[in-house]
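Data first, discussion second: the structure below is written as structure tokens.
Since every read-out is calculated from the coordinates, none of them should be taken as a lab result. What you see is a predicted model, and the numbers here were worked out from it, not measured in a lab. Glycine also receives a Cβ, built like all others from the backbone with ideal geometry; neighbour counts cover every protein chain displayed.
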Amino acid sequence: MNIQSVLSDKVKQAMIAAGADDQCEPSVRQSGKVQFGDYQANGIMATAKKLGLNPREFGQKVLEHLDLKDIAEKTEIAGPGFINIFLSKNWIADNAQNALTAEHFGIHTEHPQTVVVDYSSPNVAKEMHVGHLRSTIIGDAVVRALEFLGHHVIRANHVGDWGTQFGMLIAYLEKMENEHASEMELSDLEAFYRAAKEHYDQDPVFAEKARQYVVKLQSGDEYCRTMWKKLVYMTMRQNQRNYERLNVTLTEKDVMGESLYNPMLPAIVADLKAQGLAQEDQGALVVFLEEFKNKEGEPMGVIVQKKDGGFLYTTTDIAAAKYRYETLKADRALVFSDTRQSQHMQQAWLITRKAGYVPDSFSLEHHNFGMMLGKDGKPFKTRSGGTVKLADLLDEAVQRATLLIEQKNTALNEREKAAVIEAVAIGAVKYADLSKNRTTDYVFDWDNMLSFEGNTAPYMQYAYTRIRSVFAKADVDQKQLQEAHISLNDEKERALAIKLLQFEEAVQSVAKEGTPHILCNYLYELAGAFSAFYEHCPILNAEPELKLSRLKLARLTEKTLKQGLALLGIKTVEKM
Ligand code: ARG
């Protein structure tokens, strides 16, 4: 049940009946204050202005046509022309009942779309670092939200698996193999890359071989391709371990690296040239974009092919956009990457559109995010100033979560305790990231994320176990519970039930805007509404009928919290 869209449709129909055209915007929102009802229609003023009418008079006319029989118990005009909507208790109760019994909370999408989600996207022979962590975590939450709503998602792990650096990497792998390097030596990707680079910079014979290997790899030489595949495999096997630890849904099958697009690049560049979009400039092929200005205030030049014939990151992203529309038949393509890549993405997509490779209806979206900062406000680094490896970060999370859980006086056995620690550790790291608006930089702070207070994973996970414990004590007949009806007599019951029904709205926002923090905020508010209800409305000591009704609200809360956290990729435990 998406209350917001049900009400939007109804208000819009009434606006049209009152004289507006079908482009009018009802702008229905959740009300900020109880005295303004549960929902508000804010679009009356703008439409009245367009029609040259007095907003309150137009609002009055809209109210006369507004058919919210059964849905609302009161509607009124407020201020200069807002419509306040007070939902009916019975309607809320019936829908809560339905959310509990219907499959999938009764949520389904009328017109499912095909959505490509480009996320995680680490680079070959490089360790995944904290920058990739944000893309991986946020992207995966959005993927889960889209799938939950019924969309067809294609995960695209746009791995950096192509480029001139592969010459030196292949040459170095060959050297290591000749020296019978152990698996251990190969598994430290960062050290591997550094050593390859050192050889390249210092040993002219090695450098020459590396340059030859680049050419050979690009012309499809079998030996070089095999070596290249080994490098990709080595890297992705390690990344896969990180994904599994992080409870991220990516698998090897989702790798759609830069190399996939490489064969398409010559034709694209030739076409950009033929269309007159790209022109030669000092030996390179460049597209000049009026929309972007360089320092001199002139149209900015974007290189699509270098003087030596090499292609660029931008050229690949043009091909990727085209491929996602043409071959994957997607309706939307979402890219989750660092804000510093925003200009790059916008330029690649502007060229894609100018070249006519995708229609206007195809949505290209860069969901950018800020940097991860340390407590000192500077980019997150290790004590010695190096980049923090993801695997080390997760190890530290487990150590710290162990201390936190050990402090608590719990009656868990060792196996249960280990599961709780893992869920809390990984959950805390993920939730800390997901709960912030992704566009801003965020401060990584262990103490904040591993606390049972505030909008944190441990708090949410604990809230879930508290509801579970109510049921453990309730000793209730399941059949009786199923047949019981939800009735809303207390304000706190009503507030909780409305919050529960707003789950779909929160998930829709995540899917549409790529903003998991909306779902985190929602779940935090839901946990709060449950606490308020739990304090004011005794469950276990209530009269039988009331007890069952309240247990049903508790059950829907439990289900919603579990599902909501699962959409964020965060595990719940039964006891903690
Ligand atoms: N591999 C890139 C990096 O590590 C991210 C790729 C993002 N996706 C894209 N289509 N450009 O920065």
From the cross-link list Lys408/Lys473; Lys50/Lys322; Lys230/Lys389; Lys230/Lys562; Lys49/Lys89; Lys126/Lys354, which pairs have alpha carbons spaced over 32 Å apart? Lys50/Lys322; Lys230/Lys562; Lys49/Lys89; Lys126/Lys354
Remind me, what semi-axes does the stretch 3-87 give for its equivalent ellipsoid, largest first in whole Å, using sqrt of 5 times each Cα gyration tensor eigenvalue? 18, 13, 11
Protection-proxy order for peptides 271-284, 426-439, each taking the mean of Cβ atoms within 10 Å per residue, highest first: 426-439, 271-284
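How about the stretch 87-168: which chymotrypsin sites (Phe, Trp or Tyr not before Pro) there lie in a loop by DSSP and see at most 15 other Cβ atoms within 10 Å?
none
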Based only on other Cβ atoms within 10 Å, what is the fewest-to-most ordering of Lys12, Lys216, Lys295? Lys295, Lys216, Lys12
Any idea what log10 I(q)/I(0) is at q = 0.10, 0.15 Å⁻¹ for the stretch 165-254, Debye with uniform C-alpha scatterers and no solvent? -0.29, -0.61
Overall dimensions of the stretch 256-329 as given by Cα atoms, namely Rg and Dmax in Å: 13.0, 40
Restricting the stretch 514-551 to GluC sites (Glu not before Pro) in coil, as DSSP defines it, with at most 11 other Cβ within 10 Å: none
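How much mean residue ellipticity at 222 nm does the chain get from its helices, if each DSSP H run of length 4 or more adds -39500 (n - 2.57) and you divide by all residues, to the nearest 500 deg cm²/dmol? Walk me through the intermediate numbers first.
Details: 22 runs with 309 residues, N = 576.
Helix contribution divided over all residues of the chain: -17500 deg cm²/dmol.
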Kirkwood hydrodynamic radius of the stretch 374-516 from all distinct Cα pairs, in Å? 18.4
To the nearest 20 debye, what is the magnitude of the charge dipole of the chain about its Cα centre, counting +1 on the Cβ of each Lys and Arg and -1 on the Cβ of each Asp and Glu? 460
What is the distance, in nm, between label points placed 7 Å from the Cα along the Cα-to-Cβ direction at Ala472 and at Leu403? 2.7
Quick one: angle between helix 204-218 and the longest Cα principal axis of the chain, in degrees between 0 and 90, rounded to 10, please. 60
Computed from the mean reciprocal separation of all distinct C-alpha pairs, what Kirkwood hydrodynamic radius does the stretch 32-138 have, in Å? 18.4
For the pair Arg383/Ala411, report the inter-label distance in nm, with labels modelled 7 Å from Cα in the Cβ direction. 4.1
Taking the highest mean first, how do the peptides 45-51, 550-556, 347-353 order by number of other beta carbon atoms within 10 angstrom per residue? 550-556, 347-353, 45-51
Working out 0.36 nm times the residue gap between Asp94 and Phe292, then minus their Cα-Cα distance, what length gain in nm do you get to one decimal? 65.9 nm
So, with points 7 Å from each Cα along the Cβ direction, the Glu177-Thr249 label distance in nm works out to 3.7
Between rounded, prolate and oblate, where does the stretch 94-250 land on the alpha carbon gyration tensor, with a ≥ b ≥ c its root eigenvalues, rounded for a/c under 1.5, else prolate if a/b exceeds b/c? prolate
Within 10 Å, count the other beta carbons around each residue, average over each peptide in 407-418, 465-476, 332-343, and list them highest first. 332-343, 465-476, 407-418
Please provide three numbers in whole Å: the alpha-carbon extents of the chain along the principal axes, with the largest listed first. 86, 69, 43
Taking Lys and Arg as +1 and Asp and Glu as -1, residues besides Lys50 with C-beta under 14 Å from its C-beta add up to -2
With Rg and the Kirkwood Rh both taken from Cα atoms, where does Rg over Rh land for the stretch 297-456? 1.13
What full-extension length gain, to one decimal in nm, is calculated for Tyr233 and Asp308 as 0.36 nm per residue of separation minus the Cα-Cα distance? 24.1 nm
